[in-house]
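Quick notes on the structure that follows.
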Amino acid sequence: MASDIRNLADEEVMQLVQGGNPRAFELLYDRHGGAAFSLAYRMVGNRVTAEDITQEAFLSIWRSRTRYDQARGSVRTWVLGIVHNRAIDALRRGMVHDRRRETLDGVEERHEARERTDVEAARREEARGVRDALDTLPEEQRRTIELAYFGGFSHSQIAEMLEMPIGTVKGRMRLGLEKMRKQLTGVVLPGELA
Amino acid sequence: MTGPDHARFADDAGAYLLGALADDERAAFELHMESCPDCRNQVEQLRPAADALPRSVEQMNPPDRLRASIMDVVRAEGDAAPRPRRERPRLRFSLRPALAGAMLVLGLLVGFGVAQLTGGEDERTITAKVDDARLPTASAELRVEGDGDDGAALTAEGLPDPGPGRVYQAWIARGDKISPAPTFVADRDGSGSVALPEDLSGADAVLVTRERRGGARVPGEMPVMRVDL
Ligand SMILES: [Zn+2]
């Protein structure tokens, strides 16, 4: 019954999904579809492509559902990792290059999500916390990390764009992540980053 | 404790986690990590920061039609073994070819080169049709012994890097049933090969897609190559 499965933790829902249960999969989408779409939108900068990527990612999740391994991380991290890979593919296929520069320059459309549930409110709180952690980084570290993760650029492309040696780019990535890791304590929702 | 040649990789952990290493560099770093506890620890230390990045973005609500569109496909597939479908009513996004991939409408592949058949009676060499749009530099051929009941070997050249964490995977098509075959990677020069030990008699085609490392049970995209048997 709907009321029963809604009380299950992600990992338990995922077990039902792995058994081929469409209702459990729908619940998985309801829990993570918004974060997935938001990530895709952040990377490609337009809604239509972000919808395509989210759809592609969730169908791939459904079809490869037996490959989820709890030991290797939370369901949310797994889902977002798949969305990230799909978005990178789209960026590298050049589907969205017209919009990506705009996004990377910080010109972003804002769509305030409706606050519907406590979970959504907590997610938004978490997003603010992670953004705050990113904002504590020196500008050049934050930019290097964002170009790589959200822009899909390789270290050598970034080195060329920012006119600095590859070693410096790699160093900034490592130092930036290290600093972020320290800032993140207590920010991320419990149990969600394995 | 560090592994051999550690200095060469000392700053790679961040770039690795962000997906910013080139394919060959990533492979080299992964190999190095096997013998370098220092680098392994560093990656595990930094991973939570990289995993948090997707959570930093402004949260938006996807349109309701997206949920409906995804669930239409999922319900249609049910919990039966996923199998290719001939049509999908609600698909109207611009990624249509990629999305239709899992449905694998055989014969709908466009923009492919011409297939040809060469070789003697005991061994056939069949040239693969390659999707020029996605693999502009690739070519491949399948060598089949006799009727194919001893399997075949696919060799390809000019293969681009399939992307971080991704590999090529072969598939065997029989009617509208697609079964998974081994995955393979391209080396530095873009050549790759895969042995298909399965009995190919009665098979219609060998297909290739790009999947996540480890391979998939059902194709995640429209084939990038196709060899008609
Ligand atoms: Zn090392």
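Taking first residues from the range B:202-217 that are touching a residue at least 24 places away in the same chain (Cβ under 8 Å) and more than 10 Å from chain A (Cβ to nearest Cβ) and partners that are in a loop (DSSP other than H, G, I, E, B) and surrounded by 21 or more Cβ atoms within 10 Å (Cβ to Cβ), the Cβ contacts under 7 Å between residues at least 6 apart in sequence or on separate chains come to B:Leu207/B:Pro223; B:Val208/B:Pro223; B:Val208/B:Val224; B:Thr209/B:Pro219; B:Thr209/B:Gly220; B:Thr209/B:Glu221; B:Thr209/B:Pro223; B:Thr209/B:Val224. Out of curiosity, is B:Arg40 more than 7 Å from chain A (Cβ to nearest Cβ), of a type in the set (Lys, Arg) and in contact with a helix residue (DSSP H, G or I) (Cβ under 9 Å, 6 or more places away or on another chain)? Yes, satisfied.
With respect to (1) more than 10 Å from chain B (Cβ to nearest Cβ); (2) without any contact (Cβ under 8 Å) to a residue 12 or more places away in the chain; (3) in a helix (DSSP H, G or I), the lone exception for A:Glu26 is condition (1).
Which members of the range B:134-173 meet the condition of being surrounded by fewer than 23 Cβ atoms within 10 Å (Cβ to Cβ) and polar (S, T, N, Q)? The answer is B:Thr137, B:Ser139, B:Thr155. Any residue at all in the range A:64-73 that's crowded, with 23+ Cβ neighbours inside 10 Å, of a type in the set (S, T, N, Q) and over 24 Å from B:Ala49 (Cβ atoms)? No, the range A:64-73 contains no residue that is crowded, with 23+ Cβ neighbours inside 10 Å, of a type in the set (S, T, N, Q) and over 24 Å from B:Ala49 (Cβ atoms).
Report yes if A:Glu109 is in a loop (DSSP other than H, G, I, E, B), in contact with a helix residue (DSSP H, G or I) (Cβ under 9 Å, 6 or more places away or on another chain), modelled with pLDDT under 90 and surrounded by fewer than 21 Cβ atoms within 10 Å (Cβ to Cβ), otherwise no. Yes. For the range B:178-221, the set of residues classified as touching a Leu at 6+ places or on another chain (Cβ under 7 Å) and farther than 15 Å from B:Leu154 by Cβ consists of B:Ile178, B:Asp204, B:Pro219, listed by residue number. In this structure, B:Leu17 qualifies as under 21 Å from A:Ala133 (Cα atoms), within 16 Å of the ligand (Cβ to nearest atom) and within 10 Å of chain A (Cβ to nearest Cβ). Report whether or not A:Thr54 is at negative phi, among the hydroxyl-bearing types (Ser, Thr, Tyr) and at pLDDT 90 or above. So A:Thr54 fits the description; yes.
Could we say that B:Asp12 is within 13 Å of the ligand (Cβ to nearest atom) and facing chain A (nearest Cβ under 7 Å) here?
In short, yes.
This table checks each residue for (1) part of a helix (DSSP H, G or I); (2) at the interface with chain B (Cβ under 7 Å from one of its Cβ atoms).
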| position | (1), (2) |
| --- | --- |
| A:Val119 | yes, no |
| A:Arg123 | yes, yes |
| A:Glu126 | yes, yes |
| A:Arg131 | yes, yes |
| A:Leu137 | no, no |
| A:Ile145 | yes, yes |
| A:Ala148 | yes, yes |
| A:Gln157 | yes, no |
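The values are calculated or read from the model by the stated rules, or taken from the named source; none is laboratory data. What you are looking at is a predicted structure, and each value in this text was computed from that prediction instead of being measured. Neighbour counts are summed over all protein chains in view; Cβ atoms, including those assigned to glycine, are modelled from backbone coordinates with ideal geometry.
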